Amino acid sequence: MSYFQPQFVSDTAAVRVRFGPGVSREVGAEIDRLGKTRALILSTPHQASQALLLAEDVGARSAGIFSKAAMHTPVKVTEEALAHARDVGADCLVAIGGGSTTGLGKAIAYRTDLPQIVIPTTYAGSEATPILGQTEKGRKTTLTDPRVQPEVILYDAERIVSLPVSMTVTSALNAIAHAAEGLYAQNRNPLTTALAVEGMRAFASALPRVKDDPADLDARGETLYGAWLCGAVLGQVGMALHHKLCHTLGGSFDLPHAETHAVVLPHAIGFNQTAVPDLLAPVTEVFGGTSPGAALHDFANRMGAPLKLADLGFEETDIDRAAEIATQSAYWNPAPIDKTGIRNLLVAAFHGRSPGS
Ligand code: NAD
């Protein structure tokens with residue numbers, strides 16, 4: 001099937017991507033290539049030991065380590081990291097971790113324009129986008145700016161084998177969500193559709209193998225390849241219902257990022273499937289099944305993903321408020337959005353029913 005469109009715009013950033021097991025050990029050479037000499041290494045507290053190992057690889061080019069990255073990029077943490085970067089005279093950033101650490105690097109780059117090297121250890125895909133979400137005084141805001149796009153990405157399967165299987169599965173579904181929503185984005189183009197389909201294919205093929213053997217470097221590599229493609233889709237086209245709903249649930253109800261994506265995805269795609277059946281057809285082609293929403297629900301179930309909002313700490317009594325918040329501001333979506341429809345979606349997601357059942 002051809003993804004040709006009679007008219008489109010393609011807008012891609014110049015990003016250097018290196019791929020392969022062990023490639024992140026050459027991060028020092030990448031710093032040299034940027035013409036930089038003092039890298040600030042970033043991580044979460046949980047991955048401080050990985051940052052330390054990386055500092056050894058970087059050697060004299062390491063200006064220091066800042067290991068306080070946190071979920072949703074709190075501005076307070078960014079300000080502390082900025083002060084640290086100035087104190088140590090950092091001239092570039094190396095982020096090792098998932099979306100939270102990448103987010104901290106992006107937040108520093110947004111304020112300083114320091115070049116960034118990212119070594120992703122989840123499949124969230126933030127490294128492939130010029131998007132930055134930040135939290136201040138309990139409010140999360142999102143911006144898009146070319147300064148935020150990392151210059152170099154080192155996809156190294158050896159760095160992701162430590163990701164626990166449960167997080168591996170939810171993070172993969174987070175990535176698949178970028179691709180699935182990219183299929184019907186208003187500003188999609190043939191390239192983003194091809195990336196989305198290939199990204200989903202990579203996860204459909206490799207995720208079951210990673211689940212069987214989390215240390216399988218070939219399978220881990222293929223899932224990272226999927227993360228790159230799905231992240232590139234997120235970076236190039238607009239998202240709709242699924243991402244907005246996850247933003248509401250994460251921001252207003254403090255639900256965990258990747259798990260929320262995993263639970264909501266089949267329902268958001270099920271909600272949109274009758275409006276754009278042709279555009280969503282690749283989902284059933286890749287994952288099997290009779291409809292895109294059910295196909296994603298079955299795949300998530302087979303992979304052992306959480307299926308119920310009830311299991312993520314969301315209360316049944318919150319459904320009405322969530323439907324209210326999610327329909328407060330208008331945004332484009334293939335199927336018209338109204339409070340009753342979103343309420344029904346949330347009820348199905350709360351109980352973990354298959355969409356359409
Ligand atoms: P995360 O970065 O918050 O990681 C979750 C936890 O897992 C952290 O403690 C982390 O240290 C740990 N971890 C990560 N990789 C590990 C590994 N290989 N082994 C062991 N532990 C590991 O989770 P995430 O889902 O990658 O990122 C979520 C954040 O990223 C959210 O704030 C989300 O909004 C943001 N995000 C932004 C974009 C964007 O384009 N701006 C895209 C996707 C996600």
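The values are calculated or read from the model by the stated rules, or taken from the named source; none is laboratory data. Note that this is a predicted model, so its numbers are computed, not measured. Quick reminder, even Gly has a Cβ in these numbers, built from the backbone with ideal geometry, and neighbours come from all protein chains shown. We work out accessible area using only protein heavy atoms, side chains counted, and drop any ligands, DNA or RNA first. Shrake-Rupley method; radii C 1.70, N 1.55, O 1.52, S 1.80 Å.
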Neighbours of Arg33 by Cβ distance under 13 Å: Lys/Arg at +1, Asp/Glu at -1, summed charge 0
Straight-line reach check, Lys106, cutoff 16 Å on alpha carbons, 8 or more apart in-chain or any other chain, hits among lysines -> Lys68, Lys76, Lys140
Compactness relative to 2.2 N^0.38 Å, alpha carbon Rg of the stretch 23-155
0.93
Under a 1.4 Å probe, what is the accessible area of the stretch 165-351 per residue, stated in Å²?
37
Report, to the nearest whole %, how much of the accessible area of the chain belongs to carbon and sulfur atoms, 1.4 Å probe, protein only.
51
Dimensionless Rg over Rh [the chain; C-alpha; Kirkwood]
0.96
Given chymotrypsin sites (Phe, Trp or Tyr not before Pro), DSSP loops and at most 15 other Cβ atoms within 10 Å, the longest exposed-site-free stretch of the chain is 9-330
Per-residue ellipticity at 222 nm for the chain, helices alone: DSSP H runs ≥ 4 residues times -39500 (n - 2.57), over residue total, nearest 500 deg cm²/dmol?
-16000 deg cm²/dmol
Axial C-alpha extent at least 24 Å, average Kyte-Doolittle at least -1.0 - helices from the chain (DSSP):
165-182, 190-212, 217-236
Which percentage, to the nearest 5, of the DSSP beta bridges contained in the chain is antiparallel?
25
Rounded to the nearest whole Å³, what is the per residue volume of the convex hull around the Cα atoms of the stretch 102-155?
74
Averaged per residue, what accessible surface does the stretch 3-73 expose to a 1.4 Å probe, in Å²?
56
Where both partners of a DSSP beta bridge lie in the stretch 88-196, what percent of those bridges are antiparallel, to the nearest 5?
45
Among DSSP bridges having both ends in the stretch 23-155, what percentage is antiparallel? Round to the nearest 5.
25
Any idea how far the Cα center of the stretch 196-222 sits from the one of the stretch 280-350, in Å?
24
